[in-house]
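The values are calculated or read from the model by the stated rules, or taken from the named source; none is laboratory data. Keep in mind the model is a prediction, meaning the values are calculated, not measured. All Cβ positions, glycine included, derive from the backbone under ideal geometry; neighbour counts span all protein chains shown. Side chains included, ligands, DNA and RNA excluded: accessible areas come from the protein's heavy atoms. Shrake-Rupley method; radii C 1.70, N 1.55, O 1.52, S 1.80 Å.
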Amino acid sequence: MTNVRSSRTGLSMFFLSTLLIGIFPSSSLQAGESNAMKNLSPEKVADFIHAIVEADRHVYTTHIVKRMQEQDVVMAREDWENKNAIPLPAQFLHISSKLVAESGHGIRFRLISLWPIYRRNGPATDFERKALEQLSLNSDTPQRGIVSTGKKRLFQAIYADKAINDTCTTCHNAHPLSPKRNFSKGDVMGAIVITIPLED
């Protein structure tokens, strides 16, 4: 288990480092290349980050959790740290997002839902609530906007998070704290919020 976690941490930081090289150019780049990188829009950066997060989420949910459980190797459980188990897909994303937040680049991502099992995973602002409502009507169009926290301006992009397979739906439908218990594969269960700091 320690080796799996170490490998995952290493891969997360590798992908993050690769991505951040493109977002935050080093002084060793030629002037033209540096300017091109600086002109990368926050929309495009958010799309890049989302592509990586979504791919990681799909691989973990389908090729690790679902496969391990079907073969009775190991179960994914909410209390995985105290059991012989692995994290649930939502917990896996939370662990990854914590590592990214600790990198010091100001980038954040997290899961939110109109039907959160825990209140902390509900929308934190009116913008997030309205984005979730829009995504429930049209899941193909990310919701984007600029929000302010104190003196900081932040770009947020919010992407629909769908039930990849029955691993997702079974967990949510059976959880005693779940306010919604009729999810099916392919349903929008919530959203992935990506937050990027904007320069003053």
Solvent-accessible area, 1.4 Å probe, carbon plus sulfur percent, for region 61-200: 49
Shape call, region 54-167: gyration tensor on alpha carbons, a/c limit 1.5: prolate
Qualifying trypsin sites (Lys or Arg not before Pro) for region 103-175 [loop in DSSP, other Cβ within 10 Å: at most 13]: LYS151
Inter-label distance, nm, simple model (7 Å from Cα along the C-beta direction), ARG129/ASN173: 2.9
Where labels lie 7 Å past Cα in the beta-carbon direction, separation of GLU102 and LEU40 in nm: 2.4
For region 111-156: rounded, prolate or oblate by the Cα gyration tensor [a/c cutoff 1.5]: oblate
Furthest towards positive pole of dipole, THR62, VAL45, ASN82, structure part region 38-89, Cβ charges: VAL45
Shape of region 57-101, Cα gyration tensor, a/c cut at 1.5: oblate
Entries of LYS44/LYS130; LYS44/LYS180; LYS152/LYS180; LYS130/LYS185; LYS83/LYS130 with Cα pairs more than 28 Å apart: LYS44/LYS180; LYS152/LYS180; LYS83/LYS130
Length added when fully stretched, LEU154-ARG77, from 0.36 nm per residue minus Cα-Cα: 24.3 nm
